[in-house]
Structures are given as structure tokens and as C-alpha cells.
Amino acid sequence: MPQTSAASPSASGSPIVALRDVGKSFANGVVALDRLDLDVHPGEFVSLVGPSGCGKSTALRIIAGLSAPSRGTVEWADDGEAGPRRIGFVFQEPTLMPWATVADNVRLPFKLKGATATAQPRVEAALARVGLSDFADSYPRELSGGMKMRTSIARALVTEPKLLLMDEPFAALDEITRFRLNNDLLGLWQSLGKTVVFVTHSVFESVYLSQRIVVMTPRPGRIFTELVVDASYPRDERFRTSAEYAGYCRQASEALSSAMISGADEA
Amino acid sequence: MSAPPPRIDEAPARIERPLDRPLRVLLPIAVLALGLILWEGVVRLYGIPPYVLPSPGLVLSTLVSDWGVLLSSLVVTLVTTLEGFALAVIGGVGLAVLFNQSRLIEYSLYPYAVILQVTPIVAIAPLLLIYLPQQLAVLACAWIVAFFPVLANTTLGLNSVDHNLSDLFRLYGATRGQVLWELKLKAALPYILAGLKIAGGLSLIGAVVAEIAAGSAGSGSGLAYRIMESAYRLNIPRMFAALFLLSVSGIVIFFTLSFLSHLLLRRWHESAVAREV
């Protein structure tokens with residue numbers, strides 16, 4: 001079996017980021033995360049799967065630094081770079097500025113750093129990567145849902161972050177668009193060699209995309225089990241209809257069901 | 001026979017038909033013409049004297065013959081209105097930004113902004129005329145009436161920023177100034193413009209109210225003062241002419257601000273985007 005491309009090495013070596021015993025409780029008493037340990041390795045595609053309210057989005061926000069953990073630590077590999085960590089974040093909604101064109105939306109990270117002078121070629125490259133070069137001067141409202149999400153992905157990639165965090169980015173899209181964006185995302189991941197942490201509530205989406213699936217229990221969220229999807233890339237529609245895919249989906253579904261039951265027992 | 005059931009394909013929403021555009025312009029004009037003809041007819045038929053009800057023709061000829069007096073009064077009122085409006089925009093947006101940046105300032109001052117708004121301006125105007133020079137008092141009235149809608153709308157706009165966009169700005173290390181300028185004020189723009197549309201009309205009202213209050217004290221030079229003065233002198237045609245000019249001013253202010261709003265929002269905001277059905 002052909003090994004995965006160089007851009008997606010197997011999950012080994014020291015993690016790019018690690019959550020150690022991370023817990024998060026909110027002021028209203030809700031415990032969103034409880035004792036979460038998670039290693040994210042360079043170049044891997046890992047999915048967090050769980051029922052809604054299991055804290056998977058919270059975990060992602062803690063990694064991004066948008067939310068502070070109530071306990072535990074977030075450890076980063078020392079990459080010798082100064083300044084804030086380069087992270088790309090894709091929200092569930094496209095989260096575009098409606099008053100700015102597609103190009104201006106993608107340019108935002110540079111604008112906020114005061115580095116617009118050198119940004120133009122990178123903005124153009126990012127738009128080209130997601131196939132939106134012809135829509136640089138369009139406004140978000142003129143785009144379809146899928147194109148808005150592509151813009152959002154282009155913006156996340158334009159700073160060339162090592163780590164791409166995605167919070168149910170395709171949940172609101174129709175199936176046809178979602179499948180296409182799944183394929184495009186895999187293409188980008190393979191060609192760019194990013195590390196991706198992908199939150200989803202869809203077992204099928206997680207199996208299709210990831211090398212490793214982390215199944216979480218309902219509130220308070222913790223890791224129930226991990227599943228390695230040892231299928232080769234590139235994955236395409238043939239994989240989506242294969243028995244191998246169906247087998248992994250069954251495994252992941254069963255794991256998720258057990259996680260729900262175990263969560264219910266403790267609740 | 002019972003009426004046929006409504007057909008589902010008849011959309012309940014209003015749909016632009018090809019004739020809509022000309023009809024929208026022509027129908028109000030037709031109503032105006034009809035009203036004027038009726039008015040002129042009634043005045044002639046019953047021989048109503050002009051100090052009771054002048055005919056439209058007489059109002060028009062008064063407008064022309066008294067143009068010198070009326071124009072200088074119009075300029076006075078319009079200058080007051082525009083100054084009041086400008087101050088209301090600066091004060092309203094400025095105060096809203098200040099409130100947005102500092103909760104303590106908001107808590108301290110907001111109640112007084114509300115009090116200023118809910119106390120009827122007609123009751124405040126005579127007091128202001130005692131303490132301030134007349135020009136300044138009139139301007140203060142225009143400002144008081146107009147600034148609150150700008151403040152309230154801007155506050156609403158600044159607070160209705162998409163949370164994810166705020167997170168995104170935080171993620172990319174945006175400064176406080178950048179969040180305010182690049183995110184909050186831009187997200188608030190449609191709200192601010194809606195506030196301006198209300199404030200434009202209100203500053204005219206504030207100016208007129210103050211002029212009337214000043215006029216009853218026997219001084220002034222604005223259009224509202226002309227109306228008072230003409231009333232005392234039973235110069236009813238001039239009253240109508242001045243009223244007509246006030247009304248036209250209000251309309252011009254409203255459409256100017258609507259047009260400005262359209263220009264600024266047409267590319268991106270749903271309220272200003274023409275939709276094809």
C-alpha cells in the first residue's frame with residue numbers, strides 16, 4: 001500500500017501542541033471540559049468528534065488562545081518563532097466582514113499587522129488555491145455558501161500558519177458542496193503540509209478526512225477513545241463508497257454510541 | 001358561488017411589476033394636483049377671504065413676491081438645522097464610542113442622555129432662551145432633539161458585532177483602535193446611518209421649536225419666526241409660503257440622507273441591495 005505523501009507523516013515525534021489535563025468550567029457552572037489530554041503531531045489531520053455540547057469547540061478555542069483553560073496547560077513545541085503563534089482558524093460560519101470584498105477579507109490578517117504592502121501576492125495566491133481568483137472584488141453577499149467558506153479558508157491559510165483549526169466548518173452546507181469542500185480541503189492539506197485539527201459532529205466526515213479520530217464523551221467532555229483511520233491518501237469518491245470506509249464509519253459510530261452511554265452513566 | 005381558493009403561486013410578498021416605478025412617481029403627483037385643484041376650487045366657489053384660507057395660487061405668488069424675506073429666513077433656519085445636525089452626529093457617535101470603550105462613563109452619563117431625550121423640547125426651549133444667547137439656544141435645541149437617535153442607534157450598532165469576527169480580530173492580535181475602527185464602527189455603519197436619517201428631520205424640528213419659543217419672546221429671524229410674525233399680522237398667505245419652505249427643507253434633508261445611506265451601503269448591506277425576484 002502506498003504510504004501517505006510526505007506532507008502527511010505518521011503521527012510520531014514531538015507534538016506541535018499538547019493539551020495536558022485541561023479542564024474548562026464556565027461561570028454558570030457548566031463544566032465543558034474535564035481532564036483532556038490531547039497531542040497534535042506535526043502534519044497530521046486529526047478530528048474531534050462528539051455529541052453537541054461535549055466541549056470539542058471549547059477545546060479548539062483553548063488551543064487557539066481564544067479561551068483560557070480553567071485548569072491544565074497548553075504546551076507548544078518551541079519552533080523558535082517570536083510573536084504570537086501562527087494559527088489559522090475557520091469558524092462554523094464563514095465569519096466574513098460583509099462590508100469588505102473577498103480580497104479585503106483575505107487581506108485582513110496582514111492589515112491588522114500593518115503589513116499590507118507585501119500582502120498582495122500572498123492574497124492572490126491564497127485566493128487561487130481555493131479557486132476564487134475571479135471573485136476577488138465580489139462582496140460576501142454575492143457569494144454562495146460554499147464560496148463564502150472557501151474565502152474563510154483562504155483567509156485562514158494566507159498567513160501560512162502551521163496549524164489550521166476548523167470548527168465544524170462545513171456543517172451548514174449542503175451535502176454536494178460539503179463533499180466538494182472535503183476533497184478540496186484534503187488537497188490543500190496534502191499540498192501545503194499543514195497540521196489540521198478538525199471539529200465535527202459527523203462520523204462520516206471525520207472518517208473521510210482524518211488520519212486519527214478523537215471521540216469525546218458528552219458534558220463534561222473528555223476523550224473516550226481514539227481511532228486511527230489507516231487508509232491511504234489521496235482519498236476520493238471511490239474511498240467514500242468503499243467497504244473500508246464503511247467499516248471505519250461503523251467503528252467510529254459504535255465508539256460514539258459507547259461514548260454517549262458512558263457519558264450518560266456519569267451524568 | 002364561493003370565491004376560488006387563493007393560489008399558492010401568488011406570492012404574498014410585494015413584487016415589483018414593470019409599471020411600479022412610474023406609478024410610484026406619478027400617483028403622488030396626481031394626488032397633489034387633485035388636492036390643489038380642489039383647494040383652489042373651494043376657495044373660489046365659497047369666496048373664502050385670504051386671511052382665512054389663501055388659495056394655492058396666492059401662496060405661490062406670495063412665495064415669489066416675498067422671496068427676499070423668506071429666503072433669508074430659510075437660510076437662517078437651515079444653517080441652524082445643519083449645525084445642530086452636525087453637532088448631533090459628532091456628539092451622538094462620539095458619546096456612543098466613549099460609552100462603548102468605558103463602561104464607567106456609560107453608567108455615569110447614559111441616564112442623563114435619556115432624561116434629555118424624554119423631557120419635551122418645547123418645555124426646555126424657553127429656559128434655554130433665558131440662559132443662552134438666542135442663536136446658541138436655538139442651536140442647542142436642535143442638538144438636544146437630534147443627538148439621541150444617533151447615540152442610541154450607534155450604541156446598538158457597536159454592540160451588535162459578530163462575536164466570531166471579534167474572536168478573529170483577537171486571534172490576529174488587533175489593537176483596541178483597530179477593533180473600534182476596522183470592526184465595530186464598520187459593523188455599526190448601517191445603524192448609524194439609520195440614526196442620521198431620523199436625526200436630520202429632528203434637528204429641523206428642534207430648530208423650529210426653538211425659533212417659535214424665541215419668536216413668542218419677540219425676536220428671531222428664522223422661518224418659524226416668520227410664521228409666528230405672519231400669524232400676528234394675519235398674513236396667512238406668507239404663513240403658508242413659509243410652511244411650504246419648511247416642508248420642502250424636511251423632504252430634501254430626508255432624501256439627501258437616504259441617498260447617502262444608499263451610496264455607502266449599496267454594495268454590501270441587505271437593506272440597500274436591489275433584489276431580483
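Taken together, the values in this text are just the output of simple stated rules run on the coordinates, not laboratory data. Because the structure is a prediction, the values reported are computed rather than measured. Please note: Cβ atoms are built from the backbone with ideal geometry, for glycine as well, and neighbour counts cover all protein chains shown.
Note on segment A:38-172: Rg/Rh from C-alpha atoms, Kirkwood Rh, equals 0.98. Counting Cβ atoms of other protein chains within 10 Å of each residue's Cβ and taking the mean over peptide A:98-109 gives 3. Whole-Hz Karplus values for segment B:70-86 come out as 5, 5, 5, 5, 4, 4, 4, 5, 5, 4, 4, 4, 5, 5, x, 5, 4 Hz, taken residue by residue from phi with 6.51 cos²θ - 1.76 cosθ + 1.60 and θ = phi - 60°; glycine and proline positions read x.
For segment B:224-233, backbone phi angles converted through the Karplus equation (6.51, -1.76, 1.60; θ = phi - 60°) give residue-by-residue couplings of 5, 5, 4, 5, 4, 4, 5, 5, 4, 8 Hz, Gly and Pro being listed as x.
Taking the Cα centre of chain A as reference, the dipole from Cβ charges on Lys and Arg (+1) and Asp and Glu (-1) amounts to some 500 debye.
Each residue of segment B:120-136 is assigned a 3J(HN,Hα), and the resulting list reads x, 5, 4, 7, 7, 3, x, 5, 4, 5, 6, 8, 10, x, 4, 4, 5 Hz, derived from the Karplus form 6.51 cos²θ - 1.76 cosθ + 1.60 (θ = phi - 60°), x at Gly and Pro.
By the equivalent-ellipsoid construction on the alpha carbon gyration tensor, segment B:65-272 comes out with semi-axes of 38, 20, 11 Å, ordered largest to smallest. Using C-alpha pairs under 8 Å with a sequence gap of at least 6, the mean separation divided by the residue count of chain B gives a relative contact order of 24 percent. Each of B:ILE205, B:PRO149, B:THR175 was placed along the dipole of segment B:65-272 (beta-carbon charges, centred on the mean Cα), and the one lying farthest toward the positive end is B:THR175.
The mean number of Cβ atoms from other chains found within 10 Å of a Cβ in peptide B:258-270 is 2, as a whole number. Taking amide H atoms as placed 1.01 Å from N in the peptide plane, the amide H of A:ILE16 lies under 5 Å from those of A:VAL40, A:HIS41, each 5 or more residues away in sequence or on another chain.
The packing ranking, built from the mean of other Cβ atoms within 10 Å per residue, places the peptides B:174-184, A:15-25 in the order A:15-25, B:174-184, highest first.
In straight-distance terms, cross-link reach from A:LYS148 covers every one of the lysines whose alpha-carbon lies under 27 Å from its own, apart from those fewer than eight places away in the same chain; here that gives A:LYS56, A:LYS111, A:LYS113, A:LYS162, A:LYS194, B:LYS184, B:LYS186. Shown is the FRET efficiency for B:LEU127 and B:ARG170, computed with R0 = 41 Å from the Cβ-Cβ distance and rounded to the nearest 0.05: 0.30.
A cut-off of 5 Å between modelled amide H atoms, ignoring neighbours fewer than 5 places along the same chain, links A:PHE89 with A:LEU165.
Across every pair of non-identical alpha carbons in the protein assembly as shown, the mean reciprocal distance, once inverted, gives a Kirkwood radius of 28.7 Å. Take the alpha-carbon centre of segment A:225-246, take the same for segment B:74-119, and report the distance between them in whole Å. One Cα centre to the other: 62 Å. Descending by average beta-carbon neighbour count within 10 Å, the peptides A:29-36, A:53-60 line up as A:53-60, A:29-36, the highest first.
Rounded to the nearest 20, the Cβ-based charge dipole of the protein assembly as shown about its Cα centre (Lys and Arg +1, Asp and Glu -1) stands at 960 debye. Put a plus charge on the Cβ of each Lys and Arg, a minus charge on the Cβ of each Asp and Glu, and nothing anywhere else: the dipole of segment A:17-124 about its Cα centre is then about 340 debye. Shielding value for A:112-124 is 1, the average number of Cβ atoms from other chains within 10 Å of each residue's Cβ. Amide H contacts of A:ALA100: none lie under 5 Å away among residues 5 or more positions distant or on a separate chain (H built 1.01 Å from N in the peptide plane; Pro and chain starts excluded). For the pair segment B:166-180 / segment A:37-58, the C-alpha centres are spaced 26 Å from each other.
Over all pairs of different C-alpha atoms in segment A:97-160, the reciprocal of the mean inverse distance, the Kirkwood hydrodynamic radius, equals 11.3 Å.
Computed on chain A, with alpha-carbon pairs under 8 angstrom and 6+ residues apart, the relative contact order is 26 percent.
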